[in-house]
Each structure stands twice: as C-alpha cells, then as structure tokens.
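Trainee: My questions will all concern the structure given below.
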Amino acid sequence: MSPVAERQETYLAEYGQFTQDRGHAAPAWVKERRAAASSRFAEVGFPTTRQEDWRFTNIAPIAECEFALASGAFAQAPALVAGVNVPGAVRLVIVNGQFAASLSDLRTLPKGLRIASLRDGARDATDGLEKHLARVFSLDAHPFAALNTAFLDDGVAIMVTAGAVVETPVHIVIVTGSDLPPEASAKGGGQPVVAHPRVLIIAGANSQVRVAQTFIGAPGDVYFNNAVAEVVVGEGAVVDLYTDQRESDQAFHLANIQAHVEAKGVFSSHAFSTGGRIMRHDIGIGLKGEGADCTMNGVYLADGDRLMDTHTSLDHAMPHCTSHEIYKGILAGKAKAVFNGRIIVRLDAQKTDAKQTNRALLLSDDATINSNPQLEIFADDVKCTHGAAVGQLDEEALFYLQARGLTRADARDMLLHAFAGEVIAGLKIPALREQIEANFFSALARDIALRPGSGQEGR
C-alpha cells in the first residue's frame with residue numbers, strides 16, 4: 001500500500017474513533033451528513049496531479065504526514081489571538097476547530113446579529129442550520145470539504161436577521177496548533193495536528209454584515225488546517241467576507257469558501273495570503289437570483305519553495321448578474337503559484353456582465369505560475385472579459401523612480417506596494433485593513449528582500 005493510500009485508511013479509521021468519542025451526541029441529520037461525506041472521501045481519496053483540478057498542486061506532503069486529530073486545547077492560542085485583535089469588532093475564536101467561548105468577545109453583539117457555536121446550534125435546532133449546513137457546496141467536487149464534513153464537530157454560525165444592518169464587523173480568529181509532545185515532529189514544536197474548522201454565515205433578506213476570518217498558528221509549527229466556510233446571501237442582502245491567511249510557513253492550509261447569492265444580493269470576497277508551505281483556496285460563488293452581484297479579489301505573496309494555489313469559480317445562473325474579479329501574486333525564490341479562474345454563464349443568464357483579471361509578478365527566474373482562466377458561456381447576450389498577465393517589475397518605472405533620488409530597493413518596494421495595495425485598499429474595515437497592510441508589507445520586506453534565494457539579493 002502506498003503512503004498516500006495508507007494515510008487515507010488512517011483518516012477513515014480516525015473517523016470511526018471520532019464518531020464514538022466526540023460525535024455521538026450530535027443530532028441524526030448531522031450524523032447522516034458526516035457519514036455521506038466520509039463515504040465520499042473514502043471513494044475519491046486524496047487528489048493527485050493526474051486530476052485536472054490538482055494538476056499543478058502536489059499534496060503528497062500533506063497525505064504522507066502523520067497528523068493527529070486536534071483537540072480544543074492550545075496554550076499559545078490567547079497570545080496569538082491578542083496579536084490579531086481588531087478593536088471594536090465582535091470577536092469569535094475557533095481553536096483547533098472548536099469554538100472557544102473564553103477567548104471570544106460577544107459583549108457588543110449588535111441587534112439583528114445572532115451567534116452560535118455549530119455544536120450547540122445543531123443540538124438546539126437553531127433556525128437555518130439544518131437547511132444550509134453542508135448544503136452550499138458539492139461533496140463530489142471538493143474532497144477536502146468532504147473530509148472536513150466527515151469530522152464536523154464544531155465551529156461558528158453567524159446569522160443576520162432579515163432587514164438588519166449590522167455596522168459592527170465580526171472577526172473570526174481561527175487558531176491551529178498542538179501542546180502534544182514534540183516527538184512526532186521533525187521540525188520541533190508540538191506534534192503535527194489536523195483541524196477542520198467550520199463557519200456558516202446566513203444573511204437574511206435585505207440585511208448587511210461584514211465578516212473577517214484570520215487564520216494563524218505559532219511560527220515554525222507544522223500542522224494541517226482544513227477549513228470550510230459556507231455563506232448564504234439572502235435576497236437583497238450584502239455580505240463582505242475578508243480572509244487573512246497568515247499561517248506558519250511550515251503549515252498546510254486548504255480552505256474552501258462557497259457562497260450562494262439570491263436575487264439582488266451582493267457578496268464580496270477579499271483574500272490575503274502570506275503564510276503556509278502549501279496553500280490552496282477554493283472559492284466558489286453561485287449567483288442564484290436575478291440581479292445578483294459579486295466581487296472576488298485576492299493577493300498572495302510567497303518565496304522559498306512554497307506553493308500558493310487559488311481556484312475560483314463564478315456560476316452565473318440567472319439574468320442581469322454582474323461579477324468582478326482581480327487576483328494578484330508576488331513570487332520570489334522557487335515559489336510556485338496556480339490561478340484557475342472559471343466563469344460559467346448558463347443559458348438563462350442573459351445580460352451577464354463578468355470581468356476577470358489575474359496578474360503576477362515573478363521576482364526571480366525560478367519562480368513560476370500556472371494561470372488558467374476559463375470562460376464557459378451558454379447565453380448569447382453577455383459581456384465577459386478575462387485577462388492574465390505575468391511579468392517582472394517594470395524597469396522603466398524603476399529607472400524613473402531612481403532618477404528622482406530613490407534607491408533601487410526603495411523604488412522596487414514602492415512598485416510592489418502599489419501592485420498589492422490596489423486589492424488591500426478594498427477592505428471596508430479600517431482597523432483590519434491597517435493590520436493586513438502591515439502584515440503583508442512586513443512579510444514582503446522579510447521574505448522578498450532579505451531571505452537568501454529570493455532572487456532579489458544584490459539587485
């Protein structure tokens with residue numbers, strides 16, 4: 001048996017143990033969805049590079065690593081949470097996949113906003129959970145979302161009452177790490193663990209809410225964060241979702257965001273990634289009602305031999321829907337990136353207006369990106385554009401700035417800031433924008449300018 005097949009058997013054995021130890025108290029409908037997801041993962045297993053959607057992303061290092069299923073305890077969690085605090089926000093904390101009430105701050109819960117741990121919400125039959133949980137995405141299309149659902153235990157549910165305009169942002173901090181003995185870790189720190197954090201957002205008709213999620217772990221730790229977020233945007237509702245991925249550089253981060261947008265609903269996703277040894281974001285948005293609108297932006301930064309993979313999917317199912325997408329990447333050293341952006345315009349989706357842009361800067365000769373924009377159009381009265389550009393820093397712009405007294409390094413930094421800043425400027429939570437901007441440009445200075453092998457030393 002190959003190491004990957006052996007590891008798959010391990011996960012399935014752990015699933016059986018998990019259902020006995022932690023999952024027995026869940027309601028029947030949760031158990032049924034876990035079982036269906038476990039069966040699906042058993043059927044398809046870990047994806048390989050022979051599959052088109054994973055052709056450029058080899059996840060063998062994840063499959064071959066022996067992770068223990070994470071528990072809720074992690075001694076470094078309070079300090080990590082404090083380091084990314086967003087003043088004035090409702091703070092929700094998930095530690096190793098489980099809602100941590102003691103680290104959360106619900107004192108300023110505004111009118112129209114309801115919060116529940118998924119475990120309690122499912123048990124208490126909180127409105128909407130049974131209807132939507134594990135129903136926004138397809139188990140067939142997302143094997144790691146199926147794995148997450150097989151181990152569905154806890155997380156947070158955010159529900160916004162119809163007509164409520166929630167001005168206070170909601171900040172979810174998702175922490176992963178281990179206090180277990182370090183014997184099993186080749187990199188030091190605690191024993192490698194895997195966590196399956198889960199978030200469900202349900203915005204009622206004509207409501208508004210802004211939600212941010214920050215993924216973080218202890219620097220240098222090895223762990224596997226397999227996250228899923230489902231978003232339901234009701235008719236006329238507005239939901240902004242910001243994702244700040246700043247995991248340990250030795251961590252594996254696979255995250256799946258799936259959203260359904262009803263008529264005249266507005267959904268935006270902004271994703272910022274600076275951490276992780278292997279990072280993959282699958283973001284799928286279905287425009288299910290007439291006049292729905294979507295924005296899907298992101299920027300990522302990688303050096304060394306790290307991998308950043310972004311797969312986006314926009315499904316225009318109804319007429320008069322609009323979508324706007326901008327993804328940017330900065331790569332140095334031997335870093336690799338993948339961008340696969342798919343737009344589907346179905347037969348009934350007349351008057352669709354969709355725009356997609358993907359740009360990447362390669363700062364070394366060894367950095368690579370595979371960009372694959374896809375347009376599948378079945379309607380005949382639409383406006384759809386896509387563009388992809390991969391290049392290096394503009395030498396003429398560098399010369400222009402140097403001619404006005406800047407050093408080459410300062411001129412380069414100014415251009416990189418401007419390149420990434422276009423996406424970061426779209427954040428509507430000022431305190432979070434400042435935090436993400438500081439982290440991104442700190443990582444830029446650390447990873448791109450100073451680290452040997454970045455391809456920038458001596459230039």
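The values are calculated or read from the model by the stated rules, or taken from the named source; none is laboratory data. Since we're looking at a predicted model, the values are computed, not measured. Each accessible area value is taken on the protein alone, full model and side chains, heavy atoms only, with ligands, DNA and RNA left out. Shrake-Rupley method; radii C 1.70, N 1.55, O 1.52, S 1.80 Å.
Trainee: Run the reach check for LYS328 against aspartates and glutamates, Cα to Cα strictly under 13 Å, same-chain hits fewer than 8 apart removed. What comes back?
Mentor: In chain and number order, the partners are ASP309, GLU422.
Trainee: I'd like the carbon and sulfur percentage of the solvent accessible area for the chain, probe radius 1.4 Å, heavy atoms only, ligands and nucleic acids excluded.
Mentor: Details: 9200 of 18200 Å².
Carbon and sulfur: 51 percent of the exposed surface of the chain.
Trainee: For segment 70-122, report the accessible area per residue in Å² (1.4 Å probe, heavy atoms, rounded to an integer).
Mentor: On the way: 2350 Å² over 53 residues.
With the other protein chains kept in place, segment 70-122 gives 44 Å² per residue.
Trainee: For every helix of n ≥ 4 consecutive DSSP H residues, a contribution of -39,500 (n - 2.57) applies; sum these over the chain, divide by its total residues, and give [θ] at 222 nm rounded to the nearest 500 deg cm²/dmol.
Mentor: Details: 10 runs with 104 residues, N = 459.
It comes out at -6500 deg cm²/dmol, rounded to the nearest 500.
Trainee: Restricting to the chain, what percent of DSSP beta bridges are antiparallel, rounded to 5? Display every interim value, and only then the final one.
Mentor: Numbers: 8 of 142 bridges.
In the chain, approximately 5 percent of DSSP beta bridges are antiparallel ones.
Trainee: On to the next question. Strictly over 31 Å apart at the Cα level, which of LYS355/LYS428; LYS111/LYS355; LYS264/LYS428 would you flag in this model?
Mentor: Numbers: LYS355/LYS428 21 Å; LYS111/LYS355 36 Å; LYS264/LYS428 20 Å.
With Cα atoms farther than 31 Å apart: LYS111/LYS355.
Trainee: Rolling a 1.4 Å sphere over the protein heavy atoms, what is the accessible area per residue of segment 286-325, to the nearest Å²? Mind dumping the intermediate values first?
Mentor: On the way: 910 Å² over 40 residues.
Ligands and nucleic acids excluded, the figure is 23 Å² per residue.
Trainee: Right, something else. Please list, in order along segment 263-276, the HN-Hα scalar couplings obtained from phi with the Karplus expression 6.51 cos²θ - 1.76 cosθ + 1.60 (θ = phi - 60°), rounded to whole Hz, x for Gly and Pro.
Mentor: Result, ordered by residue: 3, 6, x, 10, 10, 10, 10, 10, 10, 10, 10, 10, x, x Hz.
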